[in-house]
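*Asks:* Have a look at the structure that comes next, please.
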Amino acid sequence: MTGTSPNAITAKAYAKINLSLDVLRRREDGFHDLTSVMQTVSLADTIHFWFGDERADHGEDYSLIDRAIESVSALTRNAKPIAYSIQKRIPSAAGLGGGSSDCATAIRATERLMALNLSDEQRLEIASELGSDVPFFLTGGTALVEGRGERVTALRDAPERAFLLLNGGMPVSTGDVFSKLEPSAYSDGAASRRVLDAFRRDDLVFGHNALTAAAMQTCDSLGCLLERVSLLLGPTRVALSGSGGTVVGLFDSVADALPVKTELEKDVPFVHLAVSVPRSVSGGQWEPG
Ligand code: C5P
């Protein structure tokens, strides 16, 4: 960051996938304690922020960005209105954290435009209030996420892999999926430990996603898509991201994934071939103007 703050910023807000997702328990406050290994990937929205009071109608989806701007602005007496435009590429309500990533990007962009120097604690407090997945995006890269989502431990970047992101086009509500979750899906964090063990061998594997059965109940077409990709790749190379409905196929390289991408593009509504995005990139692609 330079001494003078810019008048406008363009930033990329990357999507995430869950390499594992353990649900440990339901809490008194209705949320669930989780353990999840998350990874930022190369699918991204692009958001342009500038000083201005144009209130473009971004629809309900983007209220998290407005709330992020408001929350950070409330910390200074010299706040000026910030406007933004967004090029949306991450499907909404898809388990890829698009809205949360946009929100974390808006926290950082507002801080930068207003030349504030928030502490990590201040940023984290704002992020956790706005959504369980938002804190992860302040860190990005490969990270272990615990608690409701607010405890984020940065990990060494995972080995790079290609991920085929597949979505049948039906939005899935995270709240609905958690409400259908049976206690039999709870675990002690074994799926995430499996992923962490693989990292120690410099390998990347999928652990189980505890939300899979509940997501399949919420979204009729999801079971078919999961089964189809499992048959093509083998069950250990397929996982649901977050609460769904994005199904992720794991490949050693982009070249390995291309034939499967071509095949599935024929009839799956959203197909995107992504690669891992390291923390150095996910946390720092800020262009002035
Ligand atoms: O925090 P966020 O708004 O993303 O959560 C959406 C819904 O998902 C919550 O209202 C809650 O029902 C559920 N949830 C949960 N436990 C979490 C995260 C989300 O039960 N750790």
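The values are calculated or read from the model by the stated rules, or taken from the named source; none is laboratory data. The model shown is predicted, which means the values in this text are computed figures rather than measured ones. All Cβ positions, even for glycine, are placed from backbone atoms using ideal geometry, and neighbour counts span all protein chains on display. Remember, those area values only see protein heavy atoms, side chains included, never the ligands or the DNA or RNA. Shrake-Rupley method; radii C 1.70, N 1.55, O 1.52, S 1.80 Å.
*Asks:* Residue under question is Ser230, and the condition is that it be polar (S, T, N, Q) and either farther than 20 Å from Ser184 by Cβ or touching a strand residue (DSSP E or B) at 6+ places or on another chain (Cβ under 7 Å) (or both); does it hold?
*Replies:* Yes.
*Asks:* While we're looking at this one, here's another question. Considering only the stretch 1-46, state which residues are of a type outside the set (A, V, I, L, M, F, W, C), within 14 Å of the ligand (Cβ to nearest atom) and not in a strand (DSSP E or B).
*Replies:* Within the stretch 1-46, Arg27, Glu28, Asp29, Gly30 qualify.
*Asks:* May I ask you to verify whether Leu233 is within 21 Å of the chain's Cα centre (by Cα) and open to solvent by less than 80 Å² (accessible area, probe 1.4 Å)?
*Replies:* So Leu233 does not fit the description; no.
*Asks:* Moving to a separate point now. Name, by its number, the condition in (1) within 15 Å of the chain's Cα centre (by Cα); (2) surrounded by fewer than 22 Cβ atoms within 10 Å (Cβ to Cβ) that does not hold for Val145.
*Replies:* Val145 satisfies every listed condition except (2).
Conditions tested, residue by residue: (1) of a type in the set (Asp, Glu); (2) closer than 13 Å to Asp66 by Cα; (3) open to solvent by less than 40 Å² (accessible area, probe 1.4 Å).
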site	(1), (2), (3)
Ala106	no, yes, yes
Met114	no, no, yes
Asp120	yes, no, no
Ile126	no, yes, yes
Glu129	yes, no, no
Asp133	yes, no, no
Thr139	no, no, yes
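*Asks:* Can you tell me which residues in the stretch 148-198 are basic (Lys, Arg), more than 16 Å from the ligand (Cβ to nearest atom) and without any contact (Cβ under 8 Å) to a residue 40 or more places away in the chain?
*Replies:* Of the residues in the stretch 148-198, the ones basic (Lys, Arg) are 148, 151, 156, 161, 180, 193-194.
Those left that are additionally more than 16 Å from the ligand (Cβ to nearest atom): 156, 161, 193-194.
Scanning the stretch 148-198 gives a single hit, Arg193.
*Asks:* Which ones in the stretch 67-85 are at pLDDT below 95 and within 30 Å of Leu21 (Cα to Cα)?
*Replies:* Within the stretch 67-85, none qualify.
*Asks:* Determine whether Glu160 is closer than 15 Å to Arg108 by Cβ and over 14 Å from the mean Cα position of the chain (by Cα).
*Replies:* Details: closer than 15 Å to Arg108 by Cβ: no; over 14 Å from the mean Cα position of the chain (by Cα): yes.
Against the criterion (closer than 15 Å to Arg108 by Cβ and over 14 Å from the mean Cα position of the chain (by Cα)), Glu160 does not qualify.
Conditions (1) touching a Lys or Arg at 6+ places or on another chain (Cβ under 9 Å); (2) not aromatic (Phe, Trp, Tyr), marked per residue:
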{"site": "Ile47", "(1), (2)": "yes, yes"}
{"site": "Thr105", "(1), (2)": "yes, yes"}
{"site": "Thr110", "(1), (2)": "no, yes"}
{"site": "Leu113", "(1), (2)": "yes, yes"}
{"site": "Ser119", "(1), (2)": "no, yes"}
{"site": "Ser128", "(1), (2)": "yes, yes"}
{"site": "Phe137", "(1), (2)": "yes, no"}
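*Asks:* While we're on this one: Which number in (1) among the charged types (D, E, K, R); (2) over 20 Å from Leu96 (Cβ atoms); (3) surrounded by 20 or more Cβ atoms within 10 Å (Cβ to Cβ) marks the one condition that Arg161 misses?
*Replies:* The number of the failed condition is (2).
*Asks:* Arg201 fails exactly one of the following numbered conditions: (1) under 16 Å from the mean Cα position of the chain (by Cα); (2) within 17 Å of Val37 (Cβ to Cβ); (3) away from the ligand (no atom under 13 Å from the Cβ); (4) open to solvent by 70 Å² or more (accessible area, probe 1.4 Å). What is the number of that condition?
*Replies:* So the condition that Arg201 fails would be (1).
*Asks:* Tell me, please, whether a residue that is in contact with a Lys or Arg (Cβ under 9 Å, 6 or more places away or on another chain), open to solvent by 20 Å² or more (accessible area, probe 1.4 Å) and over 30 Å from Ile47 (Cα atoms) can be found in the stretch 254-262.
*Replies:* No; the residues of the stretch 254-262 include none that is in contact with a Lys or Arg (Cβ under 9 Å, 6 or more places away or on another chain), open to solvent by 20 Å² or more (accessible area, probe 1.4 Å) and over 30 Å from Ile47 (Cα atoms).
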